[in-house]
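For reference, the structure is listed below as C-alpha cells.
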Amino acid sequence: MSRTMTTVALPRPISPHRSSSGIVTLSSPIAIETINNPQIPSAAAAPVPNKHIPICPTGPVPVREPNTPPPSPGREDVRRRSSLLYPPEKFERLEAGPLSIYKINPNDVAASLDYLSRQPLPDPSLVFPWFHGLHPNNHIQQTFFSTRSKAVRQIPNCLRGITTVKADGDLAFARLKGAIAPNEFMQPGSDGEFIEVDPREGFSVRNFQIQAAKTAITSDIIVYGEDAGLVRKLGWEIASAQAKWRRKHESIPKYNTFICISPFSDFEKKHGSIVSVDSEGRLTGAVVDFFHQERVEMYTMTKATEISCNVWMGPTPEPGGEEEHRYDVLVECSDLGRLNPAALQAIAESSNYEERHPYLDFPSSGSILPPTWSHAEADGILDTCKWLWHLSHGTVPTRSDTDVDGDSNMSDASSATEVEMVRPRKILIHCADGYTESTMLGIAYFSYSTGRPVPQAWLDLHTKMRRNFFAYPTDVNLLTSIAPRLLHESPVCADKSLLEITNLVKNEPKWLASLDGSFPSRILDYMYLGNLGHANNPDLLRAMGIGQILSVGETAMWRDGDLEAWGTDNVLVVEKVQDNGIDPLTKEFEKCLEFIDRGRRNGTATLVHCRVGVSRSATICIAEVMRTMNLSFPRAYCFVRARRLNVIIQPHLRFAYELLKWEELLQSRRHQRSDNSTRGIRRELEWGEIAREIALMNRPYAR
C-alpha cells in the first residue's frame with residue numbers, strides 16, 4: 001500500500017475567464033450545487049483556477065499492532081448524545097400503522113439545532129473507522145483497516161444528530177442550516193429506503209461525500225417545506241426507512257422523523273441565525289458558507305498591492321466596479337493570453353489615447369514551455385516589461401528601439417533620450433485568483449523594474465512585497481534564461497557594465513538549484529506550510545526567514561553538517577503518524593503548537609511539513625490558526641486552504657473530525673470559569689454538513 005509521492009504541478013486545463021466577481025456578496029443571488037445535481041450551475045461554486053489535489057501516501061503496513069493505542073474515551077463520550085428531540089413525547093404524534101412521525105414548529109427546530117451545537121461530539125475512536133465507509137463487499141477497505149486497527153466497525157451507538165431535509169430538494173433558496181436534499185440519502189422511487197453510501201470498491205480515507213448520508217441514518221430527521229402534502233409524504237418514507245434500518249441493525253438507537261410545514265418566513269423573521277439561504281436565494285451570512293468563505297480569504301490574501309512604481313498585482317477586478325476604475329491599464333494573464341507589447345507601446349506613444357481602462361492580455365505562468373520558447377517570445381516578455389516601465393513612469397523614448405528588420409535593439413537602454421509624458425499610468429497585472437497566472441510576468445517585471453537578479457526578485461516579491469504566488473518549474477527555467485537581458489535592459493541598471501551584470505546573474509543562491517517553482521505557503525507570518533522538498537532545502541528556508549522545522553511523520557534528508565549548523569533545537573520531528581485514517585494527531589497538537597509559538601517568540605518562522613504538505617502538516621496549521629485567531633474549524637479550514645495556493649489541502653476524515661473536537665477543547669478552555677465543561681461550546685456547523693461542503697469544494701479538482 002506504500003506509494004512514492006512527488007508534488008509536481010499537474011498540467012492545467014484551460015478554464016474560462018472568471019473575474020473576482022465570482023466572489024459572491026451576501027446580497028447576491030446564488031444557485032447552490034448539491035452533491036447529486038452537478039449540472040446545476042453555481043457562481044459561488046466556480047472553482048479557483050489551476051488547483052489540484054495530490055494523493056497522500058498512507059504509509060507502510062505496520063509489522064505489528066500499534067503499542068500505543070488511542071486513549072480510552074471518558075464516560076461523557078461513551079454515553080449517547082442528548083437531544084431536545086429525544087424522547088419525542090412532547091411533540092404531537094401522527095401514526096400510520098406501525099410508523100410514527102412528529103410535528104415540530106420553527107421555535108423547536110431552532111432550539112434543537114442550537115442545543116445540538118453545544119453537545120460534545122463522541123471521541124474519534126468511537127466513530128472511526130465506521131465513518132470511513134466499510135461496505136462488506138469492499139475487501140480492500142476492510143482489509144486495510146483490519147490490518148491496522150482493532151477499532152469498532154459497527155454503527156456507533158453514541159451518535160444522535162439532527163439532519164434537516166428540504167422536502168422539494170431545491171437548496172438554491174429557503175435553505176436552513178445544514179439542510180440536504182432527499183436524494184442525498186434516500187433511494188429515489190422507493191417507498192422508503194436509505195441509500196447504501198459506503199463505497200463497494202476502492203480505498204479512501206477521504207470519503208467526505210458520504211458523511212451527510214451516514215450522519216442522516218444516525219440522526220433524528222426534520223423534514224421542512226411549505227407543501228404540506230410533499231412534506232408528509234417524505235416524512236412517512238423516511239420513517240419507513242428508519243424502521244427498516246432498525247430491523248436490519250437491532251442494536252442501534254431509535255431515531256425519529258419530524259415534519260415542519262410552517263411558512264419559511266417564520267424562520268426568516270424569528271430564527272434568522274439558522275437561515276443559510278433566504279427565500280430569494282441570497283446568502284444571509286448567518287451560517288458560514290465554505291465557498292463564500294474561501295473566496296473571502298482568497299480575496300483578502302491576494303488583494304492588489306503595489307510592487308513597483310505605479311504597478312500593482314492582484315485579482316481580476318469586477319468589470320465596471322470601483323476597483324477597476326483605480327487603474328489606467330489592466331493586463332490580464334491567462335492561458336489564452338498572448339504576447340502583445342505593441343498594444344502597450346501604442347498607449348505609451350499616443351498623446352491622444354482616450355480609453356481609460358484598456359484590457360490587455362499576457363500568457364499565463366507555465367504556458368511558455370522549455371525548450372520550445374523562441375527568441376520572439378523572449379523579446380515579447382522584455383518588450384512588455386519595457387513598455388510597462390514607460391507607462392508607469394510617464395516616459396517615452398524619442399526613437400524606436402527596433403531596427404529596420406523589426407529586431408530588438410540590444411544596445412544599452414540608456415542610449416535613448418526620454419521625455420516626460422503628461423501623466424504616468426497606473427497599471428494592474430491581474431489574473432482570476434490573483435497569483436497563479438500572473439506570477440511569471442510579476443517576477444519578470446519586478447526584476448526589470450528594480451534591477452534585482454531573478455532569484456532575489458523571486459524572494460523579495462514574497463518576503464518584502466508580501467505577495468503570495470505560485471510558479472511552475474518551467475517559469476524557473478524561462479526566467480533564469482532571460483535574467484541577463486532583464487538586467488541589461490533595465491533602466492535601473494543603465495550605469496552597470498555588462499561584466500557587472502554578468503557577475504550579478506552568475507552569483508545564483510544555493511537554494512535556486514533545488515527550487516521547483518513553489519515556495520512554502522505562508523499561512524501566518526510565523527508559520528509556513530510545505531512539503532518534504534521544501535524541508536530538504538535549508539538554504540531556501542533561511543533566505544525566507546524560516547528558522548524552525550516541524551516535521552510531521554516525515555524526516556528531512558540533509559547533507560552532513562547541515563543539521564548541526566541549523567541547530568537541533570530548531571527541529572521537531574513527530575514520529576509514527578501516517579496519513580492512513582487511523583493514526584491520531586490530536587495528542588501531538590500541544591507539543592507542535594508550543595514549538596511553533598517558540599519560534600514566534602524568538603522572532604522566526606516555522607516550516608510545518610509532511611510528505612506532500614496537504615494532510616498531516618495542514619492539520620497542524622489549521623489547529624494553530626484556530627488557536628491563535630480564535631476561528632472555528634470551518635473558517636480556519638478555508639483560511640489555510642486559500643493560502644496553500646495551487647494545492648488543495650486534504651486532511652483526511654479522521655483529522656478533520658479531530659479538528660472539530662479541537663474546536664470544542666479550545667472553546668471550553670476559554671470558559672474555564674465554569675464548572676460545566678460544555679459551557680461555551682457551540683459549533684458553527686455539524687460534522688455531516690462540514691464534510692458535505694468539503695466534498696463539494698473538492699469535486700471540481702478531483703481526478
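The values are calculated or read from the model by the stated rules, or taken from the named source; none is laboratory data. Quick caveat, the model's predicted, so the values are computed rather than measured. Using ideal geometry, Cβ is built from the backbone for each residue, glycine included, and neighbour counts are taken over all protein chains shown.
When Y637, Y701 are checked against the criterion of being surrounded by fewer than 24 Cβ atoms within 10 Å (Cβ to Cβ) and under 16 Å from the mean Cα position of the chain (by Cα), a single residue qualifies: Y701.
Would you point out the residue of the range 572-583, among those that are in contact with a helix residue (DSSP H, G or I) (Cβ under 7 Å, 6 or more places away or on another chain) and on the phi < 0 side of the Ramachandran plot, that is surrounded by the most Cβ atoms within 10 Å (Cβ to Cβ)? Only one residue tops the list, namely D579. Residues in the range 543-564 that are surrounded by fewer than 20 Cβ atoms within 10 Å (Cβ to Cβ), in contact (Cβ under 8 Å) with a residue 12 or more places away in the chain, over 18 Å from L512 (Cα atoms) and not polar (S, T, N, Q): G547 alone. In the set L653, L685, which member is surrounded by fewer than 24 Cβ atoms within 10 Å (Cβ to Cβ) and under 30 Å from F145 (Cα atoms)? Checking each option against the conditions leaves just L685.
Taking the range 59-127 and the helices (runs of 4 or more DSSP H) fully enclosed by it, the elements with 2 or more residues that are out of contact with any Leu (no Cβ under 9 Å at 6 or more places or on another chain) and at pLDDT below 95 are at 75-78. Of the candidates F633, F595, the single residue that is aromatic (F, W, Y), more than 24 Å from N207 (Cβ to Cβ) and modelled with pLDDT of 95 or more is F595.
Rundown of residues vs (1) acidic (D, E); (2) under 15 Å from T164 (Cα atoms); (3) surrounded by fewer than 22 Cβ atoms within 10 Å (Cβ to Cβ), yes/no style:
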| residue | (1), (2), (3) |
| --- | --- |
| R200 | no, no, yes |
| D220 | yes, yes, no |
| V223 | no, yes, no |
| G229 | no, no, yes |
| K233 | no, no, yes |
| I238 | no, yes, no |
| K244 | no, no, yes |
| R247 | no, no, yes |
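If you filter the range 481-521 down to residues that are touching a residue at least 40 places away in the same chain (Cβ under 8 Å) and among the hydroxyl-bearing types (S, T, Y), you find that the one that is farthest from A378 (Cα to Cα) is S521. There is no residue in the range 370-379 that is part of a loop (DSSP other than H, G, I, E, B), modelled with pLDDT of 90 or more, more than 30 Å from the chain's Cα centre (by Cα) and of a type in the set (S, T, N, Q).
Selection of the range 263-283 for residues being touching a residue at least 40 places away in the same chain (Cβ under 8 Å), in a helix (DSSP H, G or I) and over 12 Å from A110 (Cβ atoms) yields only F264.
S668 fulfils the conditions (1) more than 21 Å from V287 (Cα to Cα); (2) in contact (Cβ under 8 Å) with a residue 24 or more places away in the chain; (3) of a type in the set (S, T, Y) except for a single criterion, (2). Residue check: is R522 within 18 Å of V608 (Cα to Cα) and basic (K, R)? Yes, satisfied. Is at least one residue of the range 587-605 surrounded by fewer than 19 Cβ atoms within 10 Å (Cβ to Cβ), assigned to a loop (DSSP other than H, G, I, E, B) and of a type in the set (S, T, Y)? Yes; the residues of the range 587-605 include at least one that is surrounded by fewer than 19 Cβ atoms within 10 Å (Cβ to Cβ), assigned to a loop (DSSP other than H, G, I, E, B) and of a type in the set (S, T, Y). The residues on offer are L512, L487, L478, L461, and the sole one that is modelled with pLDDT of 90 or more and touching a Cys at 6+ places or on another chain (Cβ under 7 Å) is L487. Residues that are touching a strand residue (DSSP E or B) at 6+ places or on another chain (Cβ under 8 Å), in contact (Cβ under 8 Å) with a residue 24 or more places away in the chain and of a type in the set (A, V, I, L, M) within the range 189-228 comprise A212, A213, A216, I217, I221, I222, V223, listed in sequence order. Only a single item in (1) more than 30 Å from S190 (Cα to Cα); (2) buried (at least 18 other Cβ atoms within 10 Å of the Cβ) is not met by A286, and it is number (2). Could you go through the range 533-542 and let me know if any residue there is part of a loop (DSSP other than H, G, I, E, B), touching a residue at least 40 places away in the same chain (Cβ under 8 Å) and not aromatic (F, W, Y). Checked the range 533-542: no residue is part of a loop (DSSP other than H, G, I, E, B), touching a residue at least 40 places away in the same chain (Cβ under 8 Å) and not aromatic (F, W, Y). Considering each residue of the range 356-366 in turn, at least one proves to be touching a Phe, Trp or Tyr at 6+ places or on another chain (Cβ under 9 Å) and under 25 Å from T450 (Cβ atoms). Note on the range 190-229: among residues that are outside any loop (DSSP other than H, G, I, E, B) and either modelled with pLDDT under 95 or in contact with a Pro (Cβ under 9 Å, 6 or more places away or on another chain) (or both), the one that is nearest to L176 (Cα to Cα) is Y224. Quick check: anything in the range 520-530 polar (S, T, N, Q) and touching a Ser or Thr at 6+ places or on another chain (Cβ under 6 Å)? Checked the range 520-530: no residue is polar (S, T, N, Q) and touching a Ser or Thr at 6+ places or on another chain (Cβ under 6 Å). What do you reckon, is L585 under 22 Å from the mean Cα position of the chain (by Cα) and of a type in the set (A, V, I, L, M, F, W, C)? Yes.
The rows are residues; the columns are (1) surrounded by fewer than 21 Cβ atoms within 10 Å (Cβ to Cβ); (2) touching a helix residue (DSSP H, G or I) at 6+ places or on another chain (Cβ under 7 Å); (3) free of Cβ contacts under 8 Å to residues at least 12 places away in the same chain.
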| position | (1), (2), (3) |
| --- | --- |
| L428 | no, no, no |
| D433 | no, yes, no |
| G451 | yes, yes, no |
| R467 | no, yes, no |
| P473 | yes, no, no |
